[in-house]
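Chemist: Before I ask anything, let me first share the structure, which is written out below as structure tokens.
The values are calculated or read from the model by the stated rules, or taken from the named source; none is laboratory data. Just so it is clear, the structure is predicted and the values come from calculations on it, not from any experiment. A quick note on method: Cβ atoms are made from the backbone with ideal geometry, for glycine too, and the neighbour counts reach across all protein chains shown.
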Amino acid sequence: MDITFILQQSPFKLTLHLQGECGYRGERVVTKNGGGLGLQVQVLISKEEIAKRVKELGEQISNDFCDKDLIVVGILKGAVIFMSDLIREIAIPLEVDFMATSSYGQSTKTSGVVQLLKDLDTPIEGRDVLIVEDIIDSGLTLSYLSQLLQSRKPASIKTAVLLDKPDRRQTDFVPDYVGFSIPDQFVIGYGLDFNHKYRELPYIGVVNE
């Protein structure tokens, strides 16, 4: 079985051949599935570019939160990889907690309805909160979470996102830290999924539907 992978800024296609059910010969570009995948993925942001930008964000956040009582709130599940890399680039003491929301389900488009699936375990009153999210498009999720957490009287709230789709914005919400601004395309990898798969890809890829 063949899987076609389109290289960024390249006029040709690279076809990978499955080696049994669990692996590929050559570079792995699409996650193993025990069978056919039927996806074409174009690399949008390489793992090297991600690592460089995450390091820069970590340094900026370290400076901004120096001498603060920082708690980093990751939004499950998409932000897990970004957050784990980011906190290792932050050179000040911090605490970690998680929240979970849903607005996509199994679709590639946000439903516009934000559901809170998991709340914080830690009180945040008087503390400096950094919300870490994988991607902002409509802005509805981060706007909702910021208002929710603001009601709990933190000292401050800031937001960090790996990816920003400004063309999809439905609110006036502006994140404080942005990794990359990207066009309005559905992306997977580095924590972002499609139907709960492909989070483990080390780059950000565009799914060609």
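Chemist: With of a type in the set (Asp, Glu) and surrounded by fewer than 17 Cβ atoms within 10 Å (Cβ to Cβ) as the only criterion, which of Glu133, Glu95 stands out?
Modeler: Working: Glu133 fails: surrounded by fewer than 17 Cβ atoms within 10 Å (Cβ to Cβ).
Answer to the check: Glu95.
Chemist: Taking Tyr203 as meeting all but one of (1) buried (at least 19 other Cβ atoms within 10 Å of the Cβ); (2) among the hydroxyl-bearing types (Ser, Thr, Tyr); (3) over 16 Å from Ile81 (Cα atoms), write down the number of the exception.
Modeler: (3)
Chemist: Could you run through region 50-80 and say how many residues are within 17 Å of Phe180 (Cα to Cα) and among the acidic types (Asp, Glu)?
Modeler: 2
Condition check ((1) without any contact (Cβ under 8 Å) to a residue 60 or more places away in the chain; (2) loosely packed, with under 13 Cβ neighbours inside 10 Å; (3) under 22 Å from Gly58 (Cα atoms); (4) not aliphatic (A, V, I, L, M)) across all residues:
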| residue | (1), (2), (3), (4) |
| --- | --- |
| Leu117 | yes, yes, no, no |
| Ser146 | yes, no, yes, yes |
| Arg169 | yes, no, no, yes |
| Val178 | yes, no, yes, no |
| Val207 | no, no, no, no |
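Chemist: Restricting to region 156-183, and then to whatever is in a loop (DSSP other than H, G, I, E, B) and over 17 Å from Thr141 (Cα atoms), can you tell me which residue is modelled with the lowest pLDDT?
Modeler: Pass one, region 156-183, residues in a loop (DSSP other than H, G, I, E, B): 165, 169-176, 182-183.
If we keep only those that are over 17 Å from Thr141 (Cα atoms) as well, we get 182-183.
On the way: Ile182: 96, Pro183: 93.
My answer is Pro183.
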